[in-house]
Structure formats: structure tokens, C-alpha cells
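Some notes on the structure that comes next.
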Amino acid sequence: DTGVSQDPRHKITKRGQNVTFRCDPISEHNRLYWYRQTLGQGPEFLTYFQNEAQLEKSRLLSDRFSAERPKGSFSTLEIQRTEQGDSAMYLCASSFGTGDYGYTFGSGTRLTVV
Amino acid sequence: AQTVTQSQPEMSVQEAETVTLSCTYDTSESDYYLFWYKQPPSRQMILVIRQEAYKQQNATENRFSVNFQKAAKSFSLKISDSQLGDAAMYFCAYRSAFDQGGSEKLVFGKGTKLTVNP
């Protein structure tokens, strides 16, 4: 098991373009979480899945954001019509059960919108 | 809504010395979990230590220990015998307990950047 993998590590895109990030959790983990982290801030919750069901979405997740976890395995986070304010590190994490013992985080995808 | 406050944006410590990072939180819940995560530069976030609110005993993990004061809503992290590899951003985080019916999300503070001087 190689931990939580995120792809790509870095993404530079022009404003208005769509981008998609992928997260592969630890295989036996049924929970998967997405967070966004901007410079100088702690991570902010975006959404999470239990298996393939999306159980909670933050108000931060505007209509331009969508996340999926087909078949309860990997997850994708898509941002449509990117804006400069979307520039951030997007972190994925997974846990077995409700995460009472903490999550395992991936290394993140750094998005830069120019 | 719960909030987490880390009042020290930056801290520094000499190698082999002890440092304490502060964290306070606000909640109306009686049962919850608290965590300290370490984020080295350009590397993934790693769990350092966790505390269950209903346990009075402070958690310890090798050189890392916490001072959990439930009434004061304080959760500080003490790093003993600091090593160069301890240099990182440290984040305090809060999570509702499952039986509270609250969210499973982690609520993070803004972090404390720890520098370890040789």
C-alpha cells in the first residue's frame, strides 16, 4: 500500500479552463475527503464520501465544483471555469470508518490559475 | 460552528530543547476529538497525536505530548528534545464525535510554523 495518491502534483491553467484532479485512497479506506488549503491558512473542508455516496458538501463548494467517487474507489474533483481565487493546494485524505483515529493525507495537487 | 485558534504564527526552538505550541477551540459539544498534524515543506500532512475529549489523561507519543484542558478549551502540543526533522507547519484540528451527530470534517487552525535551530 503506497498511501493516498494524488495526481497531478502541480497544475497551471488559464482562467476559464476546466481542471480535474484525481485521488486514489488507501484501498481499505471507505471514507474519502477533499480539502483546500491556501497560503498561510489551514486546510478547509470541501466534501467527503462514504464509499460512493457524497455525504457532505461545504458551502465553499460552489456550483463550479463537482466531486465524484464512482464505485467507492478513486475520486475526482473537477473545477469548471476556473478563477484566480481557485489557486490553492487541493488535499485528499482517506480514513477507515469515521476517522476517529485521524486521516491519511495525500501530498496534494497545487493549482495555479493564471 | 466550531472554530480552532492557533495564536502563534511562528515559533522557534533550539535543537534538543522543548517547545510548546498553543491551540484553543470553541465548541458547544461535549464529545469530540482533537488532533495535531505536522506538514513539512512540500510534503504531506502527518498525524502527530490525537486526544479524545472524554479521556482526562493527556495523550503522549514518544517526544510529543499534549496538555488538554477541557474546561478551558485548550489543547497545547509539547515537543521534547526537538530535532531538526521537527521543523514544519503544525496544525491543530477539531472533529465532532460520531455520537454527537455532527460533521465528520476536520476543522483546522491556521497553523504554527516551527523552526528548529541547530
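Readers should treat all values here as calculations from the given coordinates under stated rules, not as data from a laboratory. Predicted, not measured: the structure shown is a model, and the values here were computed from it. FYI the Cβ positions are ideal-geometry reconstructions off the backbone, even for glycines, and counts take in every protein chain you see.
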Proximal lysines to residue A:57, defined as alpha-carbon separation beneath 30 angstrom and excluding residues fewer than eight positions away on the same chain: A:11, A:14, A:71, B:38, B:70, B:73, B:105, B:110, B:113
Radius of gyration, Dmax [the protein assembly as shown; alpha carbons; angstrom]: 17.7, 52
Once phi is turned into ³J(HN,Hα) by the Karplus curve 6.51 cos²θ - 1.76 cosθ + 1.60 with θ = phi - 60°, what whole-Hz value does each residue of segment B:104-117 show in order, with x for glycine and proline? 8, 6, 8, 10, 9, x, 7, x, 10, 8, 9, 10, 10, 9
From the phi of every residue in segment A:44-56, what ³J(HN,Hα) in whole Hz does the Karplus formula 6.51 cos²θ - 1.76 cosθ + 1.60 yield, where θ is phi - 60° and glycine or proline is x? 10, 5, 10, 6, 8, 10, 10, 6, 8, 8, 7, 8, 8
Expressed in angstrom and rounded, the centroid-to-centroid distance over alpha carbons for segment B:1-19 and segment A:54-100 is 29 Å
Of all the C-alpha pairs in segment B:1-66, what % are more than 14 Å from each other? 70 percent
Could you list B:49, A:26 so that the one with the fewest beta carbons within 10 Å of its beta carbon is first and the one with the most is last? A:26, B:49
Kirkwood Rh, Cα atoms: Rg over Rh of segment A:1-98: 0.95
When the expected Rg is taken as 2.2 N^0.38 Å, what fraction or multiple of it is the alpha-carbon Rg of chain B? 1.03
Chain B, relative contact order [Cα under 8 Å, separation at least 6], %: 36 percent
Taking every DSSP beta bridge with both residues inside chain B, roughly what % is antiparallel (nearest 5)? 85 percent
Order of A:64, B:95 from fewest to most other C-beta atoms within 10 Å? A:64, B:95
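Order by neighbour count: B:15, B:52, B:10, B:104, fewest other Cβ atoms within 10 Å first, most last.
In increasing order of surrounding Cβ atoms, one gets B:10, B:15, B:52, B:104.
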Here the percent of antiparallel bridges among DSSP beta bridges lying wholly in the protein assembly as shown, to the nearest 5, is 90 percent
For segment A:7-102 the GluC sites (Glu not before Pro) that pass both the DSSP coil test and the at-most-16 other-Cβ-within-10 Å test are A:28, A:52, A:83
